[in-house]
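Nothing in this text is a laboratory measurement; each read-out follows from the coordinates by a stated rule. Everything numeric in this text was worked out from a predicted model, so none of it was measured. With ideal geometry, Cβ positions are generated from the backbone for all residues, glycine too; neighbour counts draw on all protein chains shown.
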Protein chains: 2
Amino acid sequence: MKESNEHHVSIEDHGYGAWLGYPALPQGRLQEQYVKWCGAVSVTEADDTVQAALAEWSRGIEGMLAIRVQADHKLSSGNLRVAIGTFGGGNALIHSVFSEADIRKVEREGFAIRTSADHHCIAVGAASPAGVLYGVFHLLRLLGTLQEIEELDITLNPVNGLRMINHWDNFDGSVERGYAGRSFFYENNRFKGDMGRIRDYARLMSSTGINAIAINNVNVHALETLFISDYLPEVASIADIFRLYGIRLFLSVNFAGPMHEGEVGTADPLDPGVRSWWQRKAADIYQAIPDFGGFVVKADSENRPGPFTYGRDHADGANMLAEALEPYGGIVIWRCFVYNCKQDWRDRKTDRARAAYDHFKPLDGKFKDNVILQIKNGPMDFQVREPVSPLFGALERTNQVIEFQIAQEYTGQQRHVCYLVPQWKEVLEFNTYAKGEASPVKHIVDGSLWGNRYSGIAAVSNVGNDLNWTGHLLAQANLYGYGRLAWNPELSAEEIAGEWIALTFGKDPTIAAVISRILLDSWEIYESYTAPLGVGWMINPEHHYGPNVDGYEYSQWGTYHYADNHGIGVDRTVKSGTGYSSQYIGSNAARYDSLEECPDELLLFFHHVPYTHVLHSGKTVIQHIYDTHFAGAERAEELVTLWSSLQGNLREDLYVQVEERLKGQAAHAKEWRDQINTYFFRKSGIMDASQRIIY
Amino acid sequence: MKESNEHHVSIEDHGYGAWLGYPALPQGRLQEQYVKWCGAVSVTEADDTVQAALAEWSRGIEGMLAIRVQADHKLSSGNLRVAIGTFGGGNALIHSVFSEADIRKVEREGFAIRTSADHHCIAVGAASPAGVLYGVFHLLRLLGTLQEIEELDITLNPVNGLRMINHWDNFDGSVERGYAGRSFFYENNRFKGDMGRIRDYARLMSSTGINAIAINNVNVHALETLFISDYLPEVASIADIFRLYGIRLFLSVNFAGPMHEGEVGTADPLDPGVRSWWQRKAADIYQAIPDFGGFVVKADSENRPGPFTYGRDHADGANMLAEALEPYGGIVIWRCFVYNCKQDWRDRKTDRARAAYDHFKPLDGKFKDNVILQIKNGPMDFQVREPVSPLFGALERTNQVIEFQIAQEYTGQQRHVCYLVPQWKEVLEFNTYAKGEASPVKHIVDGSLWGNRYSGIAAVSNVGNDLNWTGHLLAQANLYGYGRLAWNPELSAEEIAGEWIALTFGKDPTIAAVISRILLDSWEIYESYTAPLGVGWMINPEHHYGPNVDGYEYSQWGTYHYADNHGIGVDRTVKSGTGYSSQYIGSNAARYDSLEECPDELLLFFHHVPYTHVLHSGKTVIQHIYDTHFAGAERAEELVTLWSSLQGNLREDLYVQVEERLKGQAAHAKEWRDQINTYFFRKSGIMDASQRIIY
């Protein structure tokens, strides 16, 4: 495996360097410009994070320009250089370049970059060491994507306060819903202590703007319960690395913790013994980790313990934990993934999609102000297509973050390519109408709509111990893209893809065109050969990979399609269905409730229709199923052809691994096509209008 | 747990004693008769097996009659007694009672029992110690079932030579398809050494007539491969116990064994190095276990290694092993469960049902005479309903045993009651027409039809480390019944049930009536609420428990029903289907091939028909499905009622465990009913004529 302090990408890299591999830039005008400006650096601060920024700068410059960066005190004042530092850090160049007015525009984690001909420097200034780091990563990205740097004048602040990654790593080394090998934090119920890899991970995350990482699974098992006690020293050693990169460490905790350790006979959040137990734990934690972020809690969800056991509500539970963390500035992130997972499939009244709203809407305003509710993007569970959760817009007086899933649990498990940034963008742009005409989700989760104290974005990690971090090399684009989008939701999916491709493979227009097309088409392709028209869940139970139309149809999980020989879909309308559509506001509610207005791609999520129902596209539902599945499998096959056009043009170690996965995807897409088409042909008896082979 | 040497069933027994629990007999004329005759015993032989018979006799008499058996030398010659011994064993009473003509009628494992007023004794004589043991168990059974013993004149020989149990126990302690806890042979890759339990197990098996047990799974993993080398001492210590009870120990072996131990670079059966490797192993084995039975082999089956790898056939493979065992009288039991388990579900030409016949019919006559082919009762895999394997009748010059599955893999996994003796009877009575009009399977497997050297019956065990051996107490009846049927296929399912009930619960007419009815109805009930009309396989993949109509429909396992909105079933006819029906002989082939003549219960196994097809019963297929499923779930519910009529009449420890399972079955039967009915209603769109609730 590549050593973490090895600077140059080697042929054995296999993608370990990811977007911080710093491939050498092509010779030419820009490269000469960069060499001219970047040969020397001015840093005056000893702060660990500023020093980490300096180290990254040196590594990047050496990789991209093949020059060694010099400290500037060896230079005469007329030489060009890059100056890096906080506004109050005593670097004279930073002080000279940025005025008080400039500094006022830069927020706690923001930065400014300005090329000053007068001062012969490019100054990267920030209010905090973390801001300095983000600024340096940004400047390196400008170089990696071949931007002009002679007239820079940039001020950037992150749009979202919390930009978080949730690991679902278990202490035994497994990763729940992990598709990139085992955990690099744990193995066999011990901390692996692979600090080199953890540091590289922190670099990668910080470079995209991530500032919070929860290192253990939200399903907290017996031994992980002890992370806040017996294992604090090991947890602290990871926090020490994260801190260098501006990342606060969070832990998922077991709500029943007080009982688990045998000290308190209950976990009732209103019990004084329980409250003081958590307060003592908080004191211990902050002793070990002064900047500890807080707790992530999955309570009363999928058989996890929670306040319901004691007749308390979620606000009681969350507030009790928040009280314990409050003195130290910690926060409680309380997940809203609460539903009845013991549903009877015969029961058509209970609707899992309603659950988060039904549980949490009545609690709006009852949470302490250091509690954040974490709400999944959709009402179900990270399907390839779902509507946006109606809880966004419903909570006016509650801190909230949106939860995405970078891990491709239901979107091909990193064996299929599925670039999810376009999906996330669509969700963030969704207008909730919660506060007038312009109330998109992005303004709820950035806190601006309601003026929340805390807000932001969280997502389930897709990384593991595989050499390339994400199993599928192209899945790195989701990891990168998530961080960038969390920093700035205004970035387009194309821009983000372009950055990632340039930083990973070098700036070559052919490579960029091919890979960008693969990425940008991939979600649509994956959707087209899997579950149709928003109905979801046609996958094998438990592991969730591969087609199985009835896999969840007779289950307890609230996940049904109700296909019969006439039609398919879930009636969630007000008049004849579960009434879920009424959880939306205004025209959204009306649109989803209406068979005529409901968008095609969500039709079967909201309506039960005959196979002969005609979509807005002009096709019947059944013909849409056949057509999209034939087309989807064909397009998956074309991805292989597209990729193979890059052979010889791309590093072989990167080329071959993606080729292998794309070939697997093409074969598996045919399996999806045939199973789905056969199922619906057998059920409906309706022939394909184009008379293609259905089994 | 009950000590194995504790004689009296106690309230804590929970079924551990099983049919050797020897409950006290009721006071009365017969009990007085037994006390009169059975107070003393005459045994002159020191042979371990004869002594085991004596010990069992004493245990039985003490349990049933509450008297201590005395050695007869303390008695005067006029007293009544039981005399036990081999014909050549020197017991004067045995010599006096049985003439040379009597002795000639008794075969190697047979026995004679005669009440002799002249000699004041009941004599149990046999040609071998094992025969003595079987005779004693038989006499105990006569007492336990309250038969007159004053005029006994019985000569019984086992009908089948090999009466075998196959364990699918793994060295790690798991039991493949085990539903009664973990293995009592192994745990955590070591021999448990629980010799008390193994001895009790041997007693139970011997009492039913079992004379061969293979102690490890046919899927032989890495460490089990070493059972024939490194672990021989531990294996021998089990064989030592089995030997006391007339049972020969067999081992399942890994065909790739020679490669596994790294001594030989191939497992090619024609390779001299391989042949001598196996010969050396055989020598080692017989050194440790002089009466070792032989090998059980699953080769080229479900990814197990075999001769195909080397371009050899099954005869090459089996004969090579047989050659190694031949000098010691050992045999090779070669399983015929060979099929393509990587089938494409789109391929309707390949038919798994054909596979065993297609593979083995051409090899008839090519096997050495110490090879036995082990053929599963049906062509698929122990479904609740299958036709009889057409390989029975097709092999005229090959030793063969039939393989049943006592473990209820596909018949409720010992959570549902399913008394399988009626199913086995039906298979054994099936007329193959292989050699004229009267060629039932039972005369093929007993060797009489073709005059085979070896023949018999094998079955997969249903026992585990659960206190009651079989998880469901009523599943003990299958274990008991299997052995009894293997001894004598002429016994009826009713007789066997009656014996088991009396021996287990005591001779009470109410108990007998209720439990007998539960047992005898149970197969039909289970069949009625599960997969209909012989189609099979509507179960959850992998673990095989519970309904899942499409669970194996799009799989690689060759297990399809092809249900569409018009109809269902597998066309195995000659004209339009896979031609499987032609593997049968004469009128069987014609009957199965004919849509008109095919028996209802196998209709969907042989034919694809519309849901509106009218059965011989007069019902349509779809109405049959609805009716049987409603009735089946109702009858499962009635089993609870039936059983509860026994409360207070039955030992509480036995009553409660069965009640719990029957309640679980009743609930689960409803799940079966609703899922199956809903699936077919949704698919066919045809209403239930009785308008019952279908979801």
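Residue-wise HN-Hα couplings along the stretch A:268-281, as the Karplus relation 6.51 cos²θ - 1.76 cosθ + 1.60 with θ = phi - 60° gives them from phi, are 4, x, 9, 7, x, x, 5, 4, 6, 4, 5, 5, 5, 4 Hz; Gly and Pro carry x. Dipole orientation for the stretch A:539-594: of the candidates A:ASN548, A:GLY558, A:GLY579, A:GLY579 has the Cα lying most toward the positive pole (charges on Cβ; Lys, Arg +1; Asp, Glu -1).
Distances between placed amide hydrogens fall under 5 Å for A:GLU187 paired with A:LYS192, all partners being 5 or more residues away or on another chain. Dipole of the stretch B:74-189 (Lys/Arg Cβ +1, Asp/Glu Cβ -1, origin at the Cα centre): which of B:HIS95, B:LEU162, B:ALA180 lies farthest to the positive side? Farthest towards the positive pole: B:HIS95. Shape of the stretch B:56-148 from the C-alpha gyration tensor: oblate (a/c of 1.5 or more and a/b not above b/c, with a ≥ b ≥ c the square roots of its eigenvalues).
According to the square roots a ≥ b ≥ c of the eigenvalues of the Cα gyration tensor, what is the shape class of chain B, taking rounded for a/c under 1.5, prolate for a/b larger than b/c otherwise, and oblate for the remainder? The partial results should precede the final answer.
Details: a/c = 1.81, a/b = 1.27, b/c = 1.43.
It is oblate, given that a/c is not under 1.5 and a/b is not larger than b/c.
When the dipole is taken about the Cα centre of the protein assembly as shown, and only Lys, Arg (+1) and Asp, Glu (-1) are charged at their Cβ, what size is it in debye, to the nearest 20? Walk me through the numbers before you get to the answer.
Values: 124 positive and 174 negative charges, 80 e Å.
Magnitude of the dipole: close to 380 debye.
Sorted shortest first, the distances from the A:SER276 label point to those of the same residue in the other copies are 8.1 nm; each point sits 7 Å from Cα along Cα-to-Cβ.
Just checking the output field for B:559-565: average partner chain Cβ neighbours within 10 Å of each residue's Cβ? Could you put the intermediate results ahead of the total?
Working: counts 0, 0, 0, 3, 2, 8, 9.
Mean shielding count: 3.
For the stretch B:529-668, the dipole from Cβ point charges (+1 on Lys and Arg, -1 on Asp and Glu) about the Cα centre works out to 260 debye, to the nearest 20. Annotation: for a label point projected 7 angstrom from Cα along Cα→Cβ of A:ASN488, residues of the stretch A:16-45 with backbone N closer than 19 Å are A:19-20.
Treat every Asp and Glu Cβ in chain B as -1 and every Lys and Arg Cβ as +1, leave all other atoms uncharged, and give the resulting dipole magnitude about the Cα centre to the nearest 20 debye. Kindly include the intermediate steps, with their values, before the conclusion.
Working: 62 positive and 87 negative charges, 83 e Å.
That gives chain B a dipole magnitude of about 400 debye.
Amide H to amide H distances under 5 Å link B:GLN405 with B:VAL460, where only residues 5 or more positions off or on other chains count and H is placed in the peptide plane. For A:ALA689 and A:HIS543, the difference between the fully extended length at 0.36 nm per residue and the C-alpha to C-alpha distance is 49.1 nm. Counting neighbouring beta carbons within 10 Å and listing from fewest to most, the residues A:HIS95, A:HIS221, A:HIS613 come out as A:HIS221, A:HIS95, A:HIS613.
Counting only residues at least eight positions apart within a chain, or on another chain, the lysines with an alpha carbon under 16 Å from that of A:LYS575 are A:LYS349.
When the square roots of the Cα gyration tensor eigenvalues are ordered a ≥ b ≥ c, the ratio a/c for the stretch B:422-489 is 1.5 or more and a/b exceeds b/c, which makes its shape prolate. For the peptide A:673-686, the mean number of other protein chain Cβ atoms found within 10 angstrom of a residue's Cβ is 3. Scalar couplings 3J(HN,Hα) for the stretch B:507-517, obtained by applying the Karplus form with A = 6.51, B = -1.76, C = 1.60 to θ = phi - 60°, are 8, 10, x, 5, 4, 4, 5, 5, 5, 4, 5 Hz; x denotes Gly and Pro. Within a straight-line Cα-Cα reach of under 27 Å, A:LYS281 can be paired with the following lysines, leaving aside sequence neighbours fewer than 8 residues apart in one chain: A:LYS192, A:LYS298, A:LYS366, A:LYS368. The simple spin-label model puts a point 7 Å past each Cα toward its Cβ; for B:GLU426 and A:LYS105 those points are separated by 8.5 nm.
Helices in the protein assembly as shown, meaning DSSP H runs of at least 4 residues, each add -39500 (n - 2.57). Divided by all residues, the mean residue ellipticity at 222 nm is -11500 deg cm²/dmol. Remark on A:LEU373: its backbone amide H falls under 5 Å from those of A:TRP334, A:ASN399, A:GLN400, A:VAL401, a criterion applied only to residues 5 or more positions apart or on other chains, H modelled at 1.01 Å from N.
In summary, the lysines within cross-link reach of A:LYS425, defined as a Cα separation below 22 angstrom excluding same-chain residues under 8 places away, comprise A:LYS376, A:LYS435, A:LYS442. Between the residues B:ILE285, B:SER207, B:ALA236, the greatest Cα displacement towards the positive end of the dipole of the stretch B:206-286, with unit charges on the Cβ of Lys, Arg, Asp and Glu, is found for B:SER207.
Taking every residue in B:547-554 and counting other chain Cβ atoms within 10 Å of its Cβ, the average works out to 5.
Plainly put, the tip 7 Å out from Cα toward Cβ on B:ASP347 is 4.5 nm from that tip on each other copy, the closest given first. A Förster radius of 60 Å combined with the Cβ-Cβ distance from B:THR145 to A:GLN287 puts the calculated FRET efficiency at roughly 0.20.
DSSP beta bridges confined to the protein assembly as shown are antiparallel in about 30 percent of cases. To the nearest 10 degrees, how steeply does helix B:195-208 sit against the main Cα axis of chain B, on a 0 to 90 scale? Compared with the principal axis, the helix lies near 80 degrees. Label point of A:SER576 (7 Å along Cα→beta-carbon): distances to the other copies' equivalent points are 3.6 nm, sorted ascending.
Computed 3J(HN,Hα) for the stretch B:562-577, one whole-Hz value per residue from the Karplus formula 6.51 cos²θ - 1.76 cosθ + 1.60 where θ = phi - 60°, is 6, 5, 10, 6, 9, x, 7, x, 10, 7, 10, 7, 6, 6, 10, x, glycine and proline marked x. Over all pairs of different C-alpha atoms in the protein assembly as shown, the reciprocal of the mean inverse distance, the Kirkwood hydrodynamic radius, equals 36.2 Å.
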